[in-house]
Amino acid sequence: MVREILKLGAPILREKAVPVHKYDAALQRLIDDMIETMKSAKGIGLAAPQIGVSRRVIIVLQDDKPLALVNPSIVQEEGLDESEEGCLSIPNLYAIVPRPSYVKVVGSDPKGKRINIEAEGLLARTLCHEIDHLDGILFIDKAYPETLHWVQPGEKSESKAG
């Protein structure tokens with residue numbers, strides 16, 4: 001089911017999400033809804049708080065396929081990549097955001113199996129962006145303020161992270 005993506009100003013977007021302890025049918029439904037919602041919005045990532053659910057769950061596109069991560073955390077980061085980002089919760093606003101060019105993330109799959117992901121480039125950026133959402137941090141908090149700019153609907157921009 002496609003859910004509403006909350007916009008800037010919704011209190012949950014500024015709160016720390018609650019860890020997941022039960023890997024059950026309700027979690028799988030949440031993940032399925034997040035995938036549908038992200039695809040419908042043509043995003044490349046989505047965090048559960050963006051649809052009003054305080055759970056540490058993210059979806060990212062890896063090789064054009066949705067990957068669900070439960071309780072993800074960054075355990076290693078290297079390098080610097082300064083690229084443009086946007087966010088489904090702040091439509092049409094973009095900015096240059098400094099992020100690591102490489103990250104190693106640990107988390108669980110929807111069944112609770114531990115997984116490790118090493119990522120570079122856009123996937124590393126998307127993982128950082130979505131994990132930030134779980135801590136109530138938005139891309140505008142890390143963006144270079146002088147690079148913030150609005151893009152008219154229908155115009156192209158480089159990124160559409162969650």
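Throughout, read-outs are computed from the coordinates displayed, never taken from laboratory work. As the structure is a computational prediction, the values presented were derived from the model and not from experiment. Methodologically, a virtual Cβ is constructed for each residue, glycine included, from the backbone with ideal geometry; neighbour enumeration extends over all protein chains shown.
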>> Students often forget the sequence filter, so: which aspartates and glutamates lie under 16 Å Cα-Cα from Lys39 once same-chain residues fewer than 8 apart are removed?
In response: Glu4, Asp63, Asp64, Glu130
> Tally Lys/Arg at +1 and Asp/Glu at -1 over every other residue whose Cβ is under 10 Å from the Cβ of Cys128; what's the total?
Replying inline: -2
> Using Cα atoms only, what is the angle between the long axis of helix 25-40 and the major principal axis of the chain, expressed in degrees (0 to 90) to the nearest 10?
Replying inline: 20 degrees
>> To test your reading of the geometry: what angle, between 0 and 90 degrees and rounded to tens, separates the Cα axis of helix 121-134 from the longest principal axis of the chain?
In response: 70 degrees
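May I ask for the longest run of the chain untouched by GluC sites (Glu not before Pro) that are loop-located per DSSP and have at most 15 neighbouring C-beta atoms (other than their own) within 10 Å? Walk me through the numbers on the way to the answer.
Numbers: sites that count: Glu4, Glu15, Glu155, Glu158.
The segment 16-154 is the longest one with no such site.
By its C-alpha gyration tensor, with a ≥ b ≥ c as the square roots of the eigenvalues, how is the range 24-63 shaped: rounded for a/c under 1.5, else prolate for a/b larger than b/c, else oblate?
Details: a/c = 1.71, a/b = 1.48, b/c = 1.15.
Prolate is the answer for the range 24-63, as a/c is 1.5 or above and a/b outweighs b/c.
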> Once the mean 1/r over all distinct Cα pairs of the chain is inverted, what Kirkwood radius in angstroms do you read off?
Replying inline: 15.6 Å
> Any idea how far the Cα center of the range 1-50 sits from the one of the range 61-86, in Å?
Replying inline: 16 Å
> So what's the net charge close to Gly79: Lys and Arg +1, Asp and Glu -1, counting the other residues with Cβ under 15 Å from its Cβ?
Replying inline: -3
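Of Lys65/Lys111; Lys113/Lys142; Lys7/Lys42, which sit over 23 Å apart, Cα to Cα?
Beyond 23 Å: Lys113/Lys142.
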